[in-house]
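*Asks:* Pasting in a structure now, in structure tokens, and then I'll have a few things to ask.
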Amino acid sequence: DRSIKIAPSILSADFADFGREIRAIEAQGADWVHVDVMDGHFVPNLTFGPPAVKAFRPHVKTFMDVHLMIAPVDPYIDAYAEAGADMITAHVEAGPHIHRTLQAIKATGKMAGVSLNPGTPAEAIADVLDLCDMVLVMTVNPGFGGQKFIHSGVEKTRKIRQMIGDRPIHIQIDGGVTPETAPLVAAAGADVLVAGSAVFKGGSVGNPDVYGKNMRAI
Ligand code: DX5
Ligand code: ZN
């Protein structure tokens, strides 16, 4: 029996007041806090280095899920682990050695996730599933919040759920998740839903609806 977890992305939060924003989303019912790390190289945007993530940590009472949109990944794994990530997710497209990267994440004692861009087929992660606690299916091209949901991610999610079988591996969806698109991916087998702009309207925490029954319906 799967329950749906909601992971608001603080990429859409008020950057001048992360502590307050994190407390507000957790008070509203967030299950995880999703942190989008961007390097201006793997994706055309820049966000949080390890010191920023470390500063978020004491405010996060639930689970801090760190999505690395950076290349290379390996030189920074220890720094994000030490900053207090509970889960570290790396992109399969970020380098030639995703297997080594996932081994390195596991070696820190943190949970490990592997992510696929919209243009990457499900098969790309078939041989690393046993190193993963989570597969992150991107339903936008990574880099920015507020983009439109790419529907091919639904069928990809269904495929990955089949590939996983009965292994205890989460499927997370990131990009364009709203009360309208959430039920599609949940029905296809996703269980962790990232939501940025659907949670933070205009830079402030203002939409408790996204924690409601629509988003959690399977
Ligand atoms: C995109 C990020 C997402 C993004 C989601 O590069 O990985 O987490 O902030 O934002 P929305 O929900 O607005 O698509
Ligand atoms: Zn993300």
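The values are calculated or read from the model by the stated rules, or taken from the named source; none is laboratory data. Please read all numbers here as calculations on a predicted model, not as lab measurements. FYI the Cβ positions are ideal-geometry reconstructions off the backbone, even for glycines, and counts take in every protein chain you see.
*Asks:* Specify which of the listed residues (A81, A94) is away from ligand 2 (no atom under 16 Å from the Cβ) and touching a residue at least 12 places away in the same chain (Cβ under 8 Å).
*Replies:* Unique residue meeting the criteria: A81.
*Asks:* Could you tell me which residue of the range 49-71 is farthest from A104 (Cα to Cα), considering only residues that are out of contact with any helix residue (DSSP H, G or I) (no Cβ under 7 Å at 6 or more places or on another chain) and not hydrophobic (A, V, I, L, M, F, W, C)?
*Replies:* Filtering the range 49-71 for residues that are out of contact with any helix residue (DSSP H, G or I) (no Cβ under 7 Å at 6 or more places or on another chain) and not hydrophobic (A, V, I, L, M, F, W, C), the one farthest from A104 (Cα to Cα) comes out as P58.
*Asks:* Can you tell me which residue among A83, A107 is out of contact with any Gly (no Cβ under 8 Å at 6 or more places or on another chain) and surrounded by fewer than 19 Cβ atoms within 10 Å (Cβ to Cβ)?
*Replies:* None of the others qualify; the one that does is A107.
*Asks:* If only one of A55, A30, A90, A71 is more than 15 Å from the chain's Cα centre (by Cα) and within 16 Å of ligand 1 (Cβ to nearest atom), which one is it?
*Replies:* A71
*Asks:* Out of curiosity, is V37 among the β-branched types (V, I, T) and either over 18 Å from F144 (Cα atoms) or at pLDDT below 95 (or both)?
*Replies:* So V37 fails the test.
*Asks:* Still on this structure, please answer the following. Restricting attention to the range 1-52, report how many residues are on the phi > 0 side of the Ramachandran plot and in contact (Cβ under 8 Å) with a residue 60 or more places away in the chain.
*Replies:* Number satisfying all stated conditions: 1.
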